[in-house]
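A quick write-up on the structure given underneath.
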Amino acid sequence: MQKAVVLCLLVALCSAAPSTRSHLPRPRLDGRIVGGEAVDISQYPWQLSLQKLGSHSCGASIISSTWALTAAHCIEGAFVNFVSLRAGTSTRGSGGTVYDAADGYYHGDYDSDTTDYDVGVIQIDGSFSFDSNVQAVSLGTTEPSAGTAVTITGWGALSSGGSSPIQLQAVTTSIVARASCNSAYGGEITQRMICAGEDEGGKDSCQGDSGGPLVEGSTQYGIVSWGRGCAEAGYPGVYSNVANLHSWITQVTGV
């Protein structure tokens, strides 16, 4: 049975305080793009800044005119009236349009210890105004194969412990086979997770990118979730598997 936890009805948006991008070794709640480059929002018009009390906290993506997709750990325990989404801007903290959250849910099987089922959705008050800088992303229904080139976008530090950029960043890397990723992480990779990165490291998401999209073209296959450090050799980034979690997303949002 598909389960959801309401982001604390009326007042609380069942969201979790941002954790760090490390699992035991590192969840990445604040995510940052490492090894990427500055891009314009028109190239990734589904990208959102998830804000708490007006400050950037996590990434998210537009999946319909009224719903956004993010990570469970970004919203678990959050109060819905403290959460908003900024759309249509390349600049962190300014520009675009800010939409208040009206409701939110995260998966009922989400486990903050293992970061399994790390998926959540937010319904906005009103609807997104679509234009060249604001568009919905398609959701993948099949898991991408190892070696597939994928792109991750977000705001945050450019290196572990570094400063955060104002401009939206993107990095392109490749899907890593689950068996290989599972070996790196000692068997912690479930069917609800996919991995991406380079053998030598250097390209990754990190704290601050959490909840943001991993895409191939205009189709989202992953949600920034966790990993060991940022862009470390031998430790790919770990992402929630959108294809595996698609039925839950559809059940809650209709998308």
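Express the carbon and sulfur contribution to the solvent-accessible surface of region 36-123 as a percent, rounded to the nearest whole number, probe 1.4 angstrom.
Roughly 41 percent, rounded to a whole number.
Apply the Karplus parameterisation 6.51 cos²θ - 1.76 cosθ + 1.60, with θ equal to phi minus 60°, to every residue of region 211-226 and state each ³J(HN,Hα) to the nearest whole Hz, in sequence, with x for glycine and proline.
So the Karplus estimates, Gly and Pro as x, are x, x, x, 10, 10, 10, x, 10, 10, 8, 10, x, 10, 4, 10, 7 Hz.
To the nearest 0.05, what FRET efficiency results for Thr91 and Thr250 with a Förster distance of 41 Å applied to their C-beta separation?
0.80
Under the rule of at least 5 residues apart or a separate chain, name every residue whose amide H is placed under 5 Å from the amide H of Gly36.
The answer is none.
Under a 5 Å amide H to amide H cut-off, with H placed in plane at 1.01 Å, what residues pair with Ala4 once short-range neighbours are removed?
HN-HN under 5 Å from Ala4: Gly108.
Which far-off residues, 5 or more places away or on another chain, put their amide H under 5 Å from the one on Glu232, with H placed in the peptide plane?
Gly202
So if we plug the beta-carbon distance of Gln43 and Thr142 into 1/(1 + (r/R0)^6) with R0 = 35 Å, what FRET efficiency do we get, rounded to 0.05?
0.90
With no solvent and one equal point scatterer per Cα, compute the Debye intensity ratio I(q)/I(0) for region 44-142 at 0.14, 0.19 Å⁻¹ and report its log10, rounded to two decimals.
Values, matching the q order: -0.48, -0.87.
If Asp116, Asp131 are ordered by their accessible area, calculated over protein heavy atoms with a 1.4 Å probe, which sequence runs from highest to lowest?
Asp131, Asp116
In the P(r) worked out for region 53-110, what percent of Cα pairs fall beyond 18 Å?
Percent of Cα pairs beyond 18 Å in region 53-110: 30.
The values are calculated or read from the model by the stated rules, or taken from the named source; none is laboratory data. Computed from a predicted model, the values in this text were never measured in an experiment. FYI the Cβ positions are ideal-geometry reconstructions off the backbone, even for glycines, and counts take in every protein chain you see. Ligands, DNA and RNA are excluded from the accessible area calculation, which covers all protein heavy atoms including side chains. Shrake-Rupley method; radii C 1.70, N 1.55, O 1.52, S 1.80 Å.
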